[in-house]
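Visitor: Provided herewith is a single structure, encoded as structure tokens, for subsequent inquiry.
Since every read-out is calculated from the coordinates, none of them should be taken as a lab result. It should be emphasised that the depicted structure is a prediction, and the values quoted were computed from it without experimental measurement. Cβ: placed from backbone, ideal geometry, glycine included. Neighbour counts: every protein chain shown.
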Amino acid sequence: MAGRDRLRELLDAVLDEQHTSLEEMAGGAFASPYHFSRQLSAGAGEPPVAMRRRVMLERAAWQLRGGASVTDAAFAAGYDSVEGFSRAFARAFGHPPSEPGAGGHWLPAPNGIHFHPPTSLWVHTGEHTMTQPLDLLVHHDLDDTRELIDLAKQLPDADYRRELRPGQLVSAWEGAEPSIAAVLERTVFTKEVWLAAILGEEHPADRADTPADLVRRHDDVAPRWLETVRDLGRRDAWDDRIVDALCDPPESFVVGSILADVLTFAAHRRLTVRAMLRDLGHETDEGDPITWLRRRSGGTP
């Protein structure tokens, strides 16, 4: 057909209110789910399920800023429960839907395609897509840590706290981490303490917890950490310095090096926990971000 815009047809199928699954999107574009996913991923650089989820969350953020209730925004975005919507929103934006956050309603996108009120799309040609890998690294770290804590909840307490690796050091200045409990607690605590340093808050308590307590701590710090990283990126503040008065004596740190430190040691700790779980006879995945992204996107990108 002359003048036919196939990519626009695919996008229309993704965002149609009646299309809530990959099969329905593909049917709306008169394609099989396989070819629909391949065509859209090739043309827009983002799988259809992931794009719809992101754009619907952007629309929800705009609606909330306009006074919509969390419940209304949740069901309009296609979620079956407010709780599920709230968790997805907090992971994406770095703050719960009940609280205002910094910045606008756009989320990082590999293609510049965003929700534009009231019912349109905006294609932002100046989008800096190289922020996407960083965003994925931070998201993967947070999601993977939560998944490992959930696995740890299934362990007997004796195995959770067993010193499988006596004297094990991940970072010399943080002390020994001989057990799964110690490694996971340090993974969460590291974000708590660096967030306090960046935001000028009081030093968090260093404490041992049950896995259930650790879940609560992680779920509190994760969205705040994500929002802070996003804000630093928006302000291009990676070369800024902070003087951390929590250190004795106070010490100066480059902001970008703080994020690199957190991601480096968190990745090492997550792999260490997997190895310790295997030592106890439990099967685990490899913690591969490629596999994680495929699951999160609802299919193979």
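Visitor: Given R₀ = 30 Å, what would the calculated FRET efficiency be for residue 42 paired with residue 278, taking r from the Cβ atoms and rounding to 0.05?
Guide: E(calc), rounded to 0.05, equals 0.20.
Visitor: Residue separation times 0.36 nm, minus the C-alpha to C-alpha distance between residue 196 and residue 294: what's the value?
Guide: 32.0 nm
Visitor: Moving on to the next point. Which loop-located GluC sites (Glu not before Pro) does region 226-284 contain, where loop means any DSSP state but H, G, I, E or B and the Cβ has at most 16 other Cβ atoms within 10 Å?
Guide: Loop-located and lightly packed - 283.
Visitor: Hey, can you list the DSSP H helices of the chain whose Cα span along the axis is 20 Å or longer and whose average Kyte-Doolittle score is at least 0.0? Walk me through the numbers before you get to the answer.
Guide: Working: long enough: 48-65 (26 Å, -0.38); 131-152 (32 Å, -0.23); 180-199 (29 Å, 1.27); 211-234 (34 Å, -0.87); 255-279 (36 Å, 0.54).
Span-like helices here: 180-199, 255-279.
Visitor: Once amide H atoms are placed 1.01 Å from N in the peptide plane, what residues at a sequence separation of 5 or more from residue 113, or on another chain, have their amide H within under 5 Å of its amide H?
Guide: 124
Visitor: Of the listed peptides 143-149, 179-185, what is their order by residue-averaged count of other C-beta atoms within 10 Å, with the highest listed first? Let's see the in-between values first.
Guide: On the way: 143-149: 20.1, 179-185: 23.3.
So the peptides 143-149, 179-185, ranked by packing, come out 179-185, 143-149.
Visitor: Let me ask something else about it. Charges at C-beta only: +1 for Lys and Arg, -1 for Asp and Glu. How large is the resulting dipole of the chain about its Cα centre, in Debye rounded to 20?
Guide: I would put it at about 720 debye.
Visitor: What relative contact order, as a whole-number percentage, does region 6-123 give when Cα pairs under 8 Å and 6 or more residues apart are counted?
Guide: 19
Visitor: Going by a ≥ b ≥ c, the root eigenvalues of the Cα gyration tensor, does the chain fall in the rounded group (a/c under 1.5), the prolate group (a/b larger than b/c) or the oblate group? Write out the running numbers ahead of the final one.
Guide: Numbers: a/c = 2.10, a/b = 1.63, b/c = 1.29.
It is prolate, given that a/c is not under 1.5 and a/b is the larger ratio.
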